[in-house]
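**Student:** Quick one: the structure is below, questions incoming.
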Amino acid sequence: MIKLVASDLDGTLLPEGTADINPKIYEVIRRLQAAGITFVAASGRNYESVRGIFGEMEKELTIISDNGGYGARGGVGMYCNGFPRALLTDIVTAARRVPDMWMMASAARNTYTDMDDAYYIRWMREGYRLDIRLVDDLLEVEEPLIKVALYTYAADAAVAAGPLRETLGGRAAVALSGEHWIDITMPGANKGTALAHIQESLHVTPEETAAFGDNGNDIPMLKRAVESYAVANARDEVKAAARHVLTDTSDHAVLDVLETLLERAEGQQN
């Protein structure tokens, strides 16, 4: 029996870069949890952006944000993987060499950028519901930062990620978080290790876990779930890592599977 469901957001549970989630999902999540199935929202987004999508449900959810950099249950933080200052300096310096990109950095609850681009900032605030703060220099932010995110608007993220990985040499985790998104976190900070922490705390096994994703940053999470699903628009390497590949390209694809899991769980209760 499935006891835990973890799902990516952008490109999986809702369209990339929006807050346009199907309202029915809220009801299904509540019913899943009433049936004894924990729901985990696992995203590359900052915590406040995820919270903005689920609103008043924050106290009911377990959230993995910033690609595993931060985790919270019921609105209370569980862990926070901040960069040492020297490593953060190297990451930001390397990221600034990437051409045609926008960059921001996340703390546990806040997001910062030093790129004074009105279109970019408006998109982050309106599309991702980020209360992004414009600062003079990311390296002058005093609170611990847990993720540096780049949007490579003129190239596929996979192309830009290669030189970053070479420069950082394994000192940081560089993951694809979308067609144009790159997430940089502490080594070992990813959705998979975050999900493993949650599984251990709840005494839930991978055999009792289902997970959904579409991008490279979801692969570690999919590997922690026996019932793993790649959505129809997922990258090929994600499809290869998943046990199931959804063929429905509509925004109902993941919801349909969640409803099937719900029917089984409620049927076992009766």
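The values are calculated or read from the model by the stated rules, or taken from the named source; none is laboratory data. Predicted model, so just to flag it, every value in this text is computed and none were measured. FYI the Cβ positions are ideal-geometry reconstructions off the backbone, even for glycines, and counts take in every protein chain you see.
**Student:** What residue, among those in region 1-57 that are assigned to a loop (DSSP other than H, G, I, E, B) and among the β-branched types (Val, Ile, Thr), is surrounded by the fewest Cβ atoms within 10 Å (Cβ to Cβ)?
**Tutor:** Ranking the candidates gives Thr18 first.
**Student:** Report the residue count in region 187-200 for those that are in contact (Cβ under 8 Å) with a residue 12 or more places away in the chain and either among the aliphatic types (A, V, I, L, M) or over 16 Å from Ala42 (Cα atoms) (or both).
**Tutor:** 6
**Student:** Within region 212-269, which helices (runs of 4 or more DSSP H) (wholly inside it) include 3 or more residues that are basic (Lys, Arg) and in the same structural domain as Leu32 (by TED's automatic domain parsing)?
**Tutor:** Counting at least 3 such residues, we get no helices (runs of 4 or more DSSP H) at all.
**Student:** Any residue at all in region 160-170 that is within 17 Å of Gly82 (Cα to Cα), modelled with pLDDT under 95 and surrounded by fewer than 22 Cβ atoms within 10 Å (Cβ to Cβ)?
**Tutor:** yes
**Student:** Looking only at residues that are touching a helix residue (DSSP H, G or I) at 6+ places or on another chain (Cβ under 7 Å) and at pLDDT below 95 in region 80-116, which one is farthest from Leu195 (Cα to Cα)?
**Tutor:** Filtering region 80-116 for residues that are touching a helix residue (DSSP H, G or I) at 6+ places or on another chain (Cβ under 7 Å) and at pLDDT below 95, the one farthest from Leu195 (Cα to Cα) comes out as Arg109.
**Student:** Determine, yes or no, whether Ile91 is among the β-branched types (Val, Ile, Thr), outside any helix (DSSP H, G or I) and at negative phi.
**Tutor:** no
**Student:** Assuming Val231 fulfils every condition listed in (1) under 24 Å from Tyr79 (Cα atoms); (2) surrounded by 18 or more Cβ atoms within 10 Å (Cβ to Cβ); (3) not hydroxyl-bearing (Ser, Thr, Tyr) apart from one, which condition is it?
**Tutor:** It is condition (1) that Val231 fails.
**Student:** Next up: Mind checking which residues of region 247-270 are in contact with a Phe, Trp or Tyr (Cβ under 7 Å, 6 or more places away or on another chain) and over 18 Å from Leu32 (Cβ atoms)?
**Tutor:** none
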